[in-house]
1. Restricting to the stretch 406-430, count the residues that are touching a residue at least 24 places away in the same chain (Cβ under 8 Å), of a type outside the set (S, T, N, Q) and under 26 Å from ILE721 (Cα atoms).
2. Residues to consider are VAL461, VAL429, VAL447, VAL465; find the one that is in a strand (DSSP E or B) and either among the polar types (S, T, N, Q) or in contact with a Pro (Cβ under 8 Å, 6 or more places away or on another chain) (or both).
3. Filter the stretch 70-87 for residues that are in contact (Cβ under 8 Å) with a residue 60 or more places away in the chain and touching a Gly at 6+ places or on another chain (Cβ under 9 Å) and give the result.
4. With the condition kept exactly as written, say whether any residue in the stretch 122-133 is within 24 Å of ARG153 (Cα to Cα), under 28 Å from the mean Cα position of the chain (by Cα) and of a type in the set (A, V, I, L, M, F, W, C).
5. Kindly indicate whether LEU533 is in a helix (DSSP H, G or I), modelled with pLDDT of 95 or more and either among the small types (Gly, Ala, Ser) or at negative phi (or both).
6. Just to be sure I understand, how many residues within the stretch 291-309 are touching a helix residue (DSSP H, G or I) at 6+ places or on another chain (Cβ under 9 Å) and either surrounded by fewer than 20 Cβ atoms within 10 Å (Cβ to Cβ) or on the phi > 0 side of the Ramachandran plot (or both)?
7. Within the stretch 435-451, does at least one residue satisfy the condition of being of a type in the set (Asp, Glu) and farther than 22 Å from ASP754 by Cβ?
8. Please specify each residue of the stretch 60-78 satisfying the condition of being of a type outside the set (S, T, N, Q) and either surrounded by fewer than 17 Cβ atoms within 10 Å (Cβ to Cβ) or touching a Cys at 6+ places or on another chain (Cβ under 6 Å) (or both).
Amino acid sequence: MPRNVYQESLDYHRRKPYGKLAITPTKSLADRHDLALAYSPGVAEPSRVIAADPSQAAELTARSNLIAVISNGTAVLGLGNIGPLAAKPVMEGKAILFKKFAGIDAFDLEINETDPDKLVDIIAALEPTFGGINLEDIKAPECFYIEQKLKQRLKIPVFHDDQHGTAITVGAAILNGLILVDKKITDVRLVTSGAGAAALACLDLLIDMGLKREHITVCDSKGVVFEGRDGLEKDNKNGYAQKTCHRHLADAIEGADIFLGLSIADVLTAEMVTTMAPKPLILALANPDPEIMPSVVKEIRPDAIVATGRSDFPNQVNNALCFPYIFRGALDVGATTINQQMKIACVQAIAKLAQAESSDIVSNAYGGEVHRFGPDFIIPKPFDPRLLVEVATTVAQAAMDTGVATRPINDMEAYRQELQSFIYGSSLVMRPIFNKAKQKQIRPIRVAFAEGEEERVLQAVQTLVEEGIGYPILVGRPEVIHRRIFTLGLRLVQGTHYDVVDPNNDPRYHQYWSAYHSLTARRGISPDVAKTLVRTNSTIIAALMVHLGDADTMICGIIGRYIEHFRHLQQILDVHPQFNQCAALCAVVRDHQPLFICDPYINIDPSPDQLVEMTLLSAQQVRRFGLSPKIALVSHSNFGSSRSESARKMQTVLHLVRQAAPDLEIEGEMHADAALCPDIRKKIFPDSHLKGAANLLIMPNIESANISFNMARALGNELIIGPILMGIRGSAQVLTTTINVRGIIDMTALAVVDALEHACAA
């Protein structure tokens, strides 16, 4: 943690606009008609509908995606009772985590009230506004009472994160820790330091998971909680009082399998740790300083697994792993509560994810570090995007199974895809492609990956195998591939999940270099050069595999320049006989809506005839996504405002395309703003054949296409699909060096669909 983190945080919060939250409208309010729909008179109708049927509020208002983050500031972080106003930065922070990680809108409400009954009345009165209540930083024992009363009164989820969020993440950490040390939860003995709301909630949940109550010893600031101790009669911790002669933590910890610390720094000593059972789990979760430092534990007990609440040590037990996603699942099924079964489902989903292979997004967020399930990785990282899908779906299913869902989900696979679209903005756009790519075939489509040793490729291949998209063939050295699969924690098995083509040792080497020489002999490639290239150039090898029928499609381009890979493909696969040239199509995805741009990569200054062919190819590709192409021929000229050569070229293209494909919705030439803004276009050219915003832009040359594409991507930090190679004989896709794992998966699905269509046409 940076030494000046506190000053940096002050500067961060003071940056305008102040704080961390703002309100953004979700509907258009551009003109008088929009105003009539959003407010008077149109808004009266949704109100009438809700008055007649309150359940309609879920679809007619923001309520079903709105959480209240509520605190009275009586127990804020480690700062204590600092009051509601001082708690506001913390609650704002909680609200942005809801939005960032799960797409949930959250209002922070800091309430100046310490009387529990009055606070319950205030919060309960807010039920019409919110779909759920997240209680935060309310001191014990009032927090227990407040939560209990609210659950009795409200028909929406109420969740005290300090209790249950902590309990869920602790449960996941213990579940995985016990797997690693080969112990059963029914057999282990646990000792806690701390008996507040979080600790007791942890124990309640662990008991429901199988931990035996008689195996639990609770310690607080007065020592061991034992039967007959003064002052326990009305205390929540009384239920954990044991008949024991132990009076101090040092006595109780001897022979314990698990230490759970939710107290203060340094209460667990090195001497105490030495007395614990073999392979102990030590969860020292006090913040900012744990009950014992991990380095101290590892020095004296290398067999121990240690977790803390800090991000600068392995195994951070962080509530952010839980609360956004359990609410996501609860909201999406209209759950009336968050019950114990939903919490346990959340525990299991979080634990299971830590056992899965590493995520490239997580690795990038943590400086390239690869995480593998083991003693230093028993729980996922907060930035793991898969938490949303896995936890939310599991929680939603548990809510439905236990009868607390008012809006059950009928198609869980569609729900998973919807959640994935939040993580990967391309998911909804790519859904038709993935559906086609996953169709059962007599023989799976064989995909040759030219850069088969690359980590991004291997991570993508793991997902492709799981989703049943193609059969991977990796070009590369087997020993390198195996080593990297192990390092990444992947579950790929050669011969079962993928095959390898080793450039240094392949029985088809003579056949391959001979074929390559035959194709390139009149382009200055001698036999010796052909032999060398087929040993060293993986793109050439993959292209030859497609050419000779050893693969159905190929992926290359992660290393090196796009145009160089494309030239190799041209040499071997050439242009499809139906076309005169290849072209590249890119999509910029914003709010799940793609904008296709042709051609930022291949054709430098295409002629009118070439642009016509590129337009038809692009329209065909857009239809693959289940969309009707709406084409704009983009120019510096606006419907004849210029007579330049470039403008006349685009005018000619319009004429030729309408002759070739009269059913296409196309217009031009026009400015980019007229293409994308129907209101601007209507003022300039009211009789336009193009209705609504264009989704396919045809550019006059590579400069305009490349500049437009990269500007759109950079200014909006938008998601990208492509470049999609069109017009090649066979099937192949050239990627870019900046592509991420999800991009490789998307492009592979496109390549598989392309190969399927080639096979059908053959």
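The values are calculated or read from the model by the stated rules, or taken from the named source; none is laboratory data. Worth saying up front: this structure is predicted, and the values here are computed from it rather than measured. Cβ: placed from backbone, ideal geometry, glycine included. Neighbour counts: every protein chain shown.
1. Looking only at that region, the number is 10.
2. Going through VAL461, VAL429, VAL447, VAL465 in turn, the sole match is VAL447.
3. Correct list: ASN72, GLY73, THR74, ALA75, VAL76.
4. Initially, the stretch 122-133 is screened for residues within 24 Å of ARG153 (Cα to Cα), giving 122-133.
Still in the running and under 28 Å from the mean Cα position of the chain (by Cα): 130-133.
Now narrow it down to the ones that are of a type in the set (A, V, I, L, M, F, W, C): 130, 133.
There is at least one residue in the stretch 122-133 that is within 24 Å of ARG153 (Cα to Cα), under 28 Å from the mean Cα position of the chain (by Cα) and of a type in the set (A, V, I, L, M, F, W, C).
5. Details: in a helix (DSSP H, G or I): yes; modelled with pLDDT of 95 or more: no; either among the small types (Gly, Ala, Ser) or at negative phi (or both): yes.
For LEU533, the condition - in a helix (DSSP H, G or I), modelled with pLDDT of 95 or more and either among the small types (Gly, Ala, Ser) or at negative phi (or both) - is not met.
6. Number of matching residues: 5.
7. No - not one qualifying residue is present in the stretch 435-451.
8. Correct list: LEU60, ALA62, LEU77, GLY78.
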